[in-house]
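What follows draws every value from the coordinates through simple rules; no lab data is involved. Predicted model only: the values in this text are computed from it and were never measured. We place every Cβ from the backbone using ideal geometry, glycine too, and count neighbours over all the protein chains shown.
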Amino acid sequence: MYPQTHFLVPFVLAEILVKLGLFNHKLALIAGVVGVIIDLDHYLHRIIIHHDFSVKSAWNKAILQHDIHGERTFIHHWGGLIVITSILLAFVFFSWHISMALFLGYYSHLFLDGLHIHIKKRWKFKEGGLIFRIPIYEIILDIILVLFALLLNNLSI
């Protein structure tokens with residue numbers, strides 16, 4: 001999934017919690033940002049394994065070779081899941097709300113990465129040297145999430 005989807009899913013879920021009075025908008029924003037920054041491990045992998053500091057190279061390799069090579073660090077695997085879960089559970093004692101925002105960002109990211117929807121239709125383009133191959137279903141999901149977020153903020157409960 002692309003960064004906008006990794007942001008929108010936890011953000012919209014957190015905005016639902018805002019509507020229920022359990023969260024505030026700042027925590028919803030934190031959840032969305034965490035959903036995106038998880039993928040910095042693609043860049044870290046590029047630096048550590050290939051000694052390549054190019055963000056463009058890391059992006060393009062992640063897009064073109066995502067299914068071929070495992071360019072992810074431990075936070076995308078079972079070991080990382082256990083470590084991150086342990087940290088989040090310990091953090092609950094300090095701040096339930098922040099822990100929940102981090103939880104939404106991290107776990108929604110893993111859930112989205114675990115989805116394997118085999119629809120080949122993609123919108124392919126290149127912008128500023130960056131390669132994009134966004135699945136059409138992801139574009140539709142993003143539009144639905146944006147509309148839902150707008151609807152949530154215009155409804156009063």
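Our summary of shape: the Cα atoms of the chain have principal axis extents of 47, 35, 27 Å, ordered from largest down, in whole angstrom.
Just flag the chymotrypsin sites (Phe, Trp or Tyr not before Pro) in the stretch 1-59 sitting in loop per DSSP whose Cβ has no more than 10 other Cβ atoms within 10 Å. Of the chymotrypsin sites (Phe, Trp or Tyr not before Pro), the ones in loops of the stretch 1-59 whose Cβ has at most 10 other Cβ atoms within 10 Å are Phe53.
Here the gap between Leu20 and Leu40, fully extended at 0.36 nm per residue and compared with their Cα-Cα distance, gives a gain of 4.1 nm.
Dipole size of the stretch 3-154 about its Cα centre, with +1 on Lys/Arg Cβ and -1 on Asp/Glu Cβ: approximately 320 debye, rounded to the nearest 20. In this label model, Ile48 and Ile82 are separated by 1.7 nm, measuring between points 7 Å along each Cα→Cβ vector.
Defining a contact as two alpha carbons under 8 Å apart and six or more residues distant in sequence, what relative contact order in percent does the chain show?
32 percent
Rounded to the nearest 500, the helix-only mean residue ellipticity at 222 nm of the chain stands at -21500 deg cm²/dmol, with each DSSP H run of n ≥ 4 adding -39,500 (n - 2.57). Annotation: the residues Trp78, Trp123, sorted from fewest to most other C-beta atoms within 10 Å of their own C-beta, follow the order Trp78, Trp123. Taking Cα atoms only, the orientation of helix 96-114 departs from the longest principal axis of the chain by about 40 degrees.
Counting 0.36 nm for each residue step from Ile139 to Trp123 and taking away their Cα separation leaves a gain of 4.9 nm.
The distance linking the stretch 107-138 with the stretch 76-99 is 27 Å (Cα centroid to Cα centroid, whole angstrom).
To the nearest ten degrees, helix 25-37 and the longest principal axis of the Cα atoms of the chain are 20 degrees apart. Please compare each pair in Lys26/Lys120; Lys56/Lys120; Lys56/Lys121; Lys61/Lys120 to a cut-off of 27 Å on the Cα-Cα distance and tell me which ones are over it. Correct reply: Lys26/Lys120.
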